[in-house]
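Derivation of every value follows stated rules applied to the coordinates shown; laboratory data play no part. Values in this document were obtained by computation on a predicted structure and should not be read as measured data. Here Cβ is always computed from backbone atoms with ideal geometry, including for glycine, and neighbour counts include all displayed protein chains.
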Amino acid sequence: MSETYKNCQSCGMPLSKNPGGTEANGSKSTMYCSHCYQNGKFTLPDITLPQMQERVKKMMKEEMHIPGFLSFFFTRNIPKLKRWVG
C-alpha cells in the first residue's frame, strides 16, 4: 500500500489544489502534482533543486501574487521532499 501525501513530493504544492500527476498506467499519483509528474515520468527530469525552488517562487509571485519573502518561507522545505532526498 502506498503512502498518501498532502503535498507534492517534488515541488511542495498542496495536492488538494491540484488534480495530481499520473502514473504510467494512467492511475493518479499519490506523491506528485500534475505540474511535476505525468505518465509515470517527471515533466522536468533534469531540473535541479535550486531551479525547482526558483520555479516555485516565480509561480507563487506571478500566478498567486504571493510576496517574495513569503515564497521563500513556502519553498524552504522543498529539499526535504522525497524527490530530492533520494
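Looking across the range 6-33, the residues that are within 22 Å of Phe72 (Cα to Cα) and surrounded by fewer than 15 Cβ atoms within 10 Å (Cβ to Cβ) come down to Lys6, Pro14, Ser16, Lys17. Restricting attention to the range 65-81 and to residues that are out of contact with any helix residue (DSSP H, G or I) (no Cβ under 9 Å at 6 or more places or on another chain) and more than 15 Å from Ser10 (Cα to Cα), the residue that is surrounded by the most Cβ atoms within 10 Å (Cβ to Cβ) turns out to be Phe73. If you go through the range 35-64 and pick out every residue that is within 21 Å of Ala24 (Cα to Cα) and surrounded by fewer than 11 Cβ atoms within 10 Å (Cβ to Cβ), you end up with 2. Those helices (runs of 4 or more DSSP H) of the chain that lie entirely within it include none in which at least 3 residues are in contact with an Asp or Glu (Cβ under 8 Å, 6 or more places away or on another chain) and among the charged types (D, E, K, R).
Using the structure shown, decide if Tyr5 is in contact with a Cys (Cβ under 9 Å, 6 or more places away or on another chain) and in contact (Cβ under 8 Å) with a residue 24 or more places away in the chain. Taking the combined requirement at face value, the residue does not satisfy it. Can you confirm whether the range 35-54 contains a residue that is touching a residue at least 60 places away in the same chain (Cβ under 8 Å) and under 12 Å from Met13 (Cα atoms)? There is no residue in the range 35-54 that is touching a residue at least 60 places away in the same chain (Cβ under 8 Å) and under 12 Å from Met13 (Cα atoms). Being of a type in the set (S, T, N, Q) and touching a Gly at 6+ places or on another chain (Cβ under 8 Å) is a description that does not apply to Thr48.
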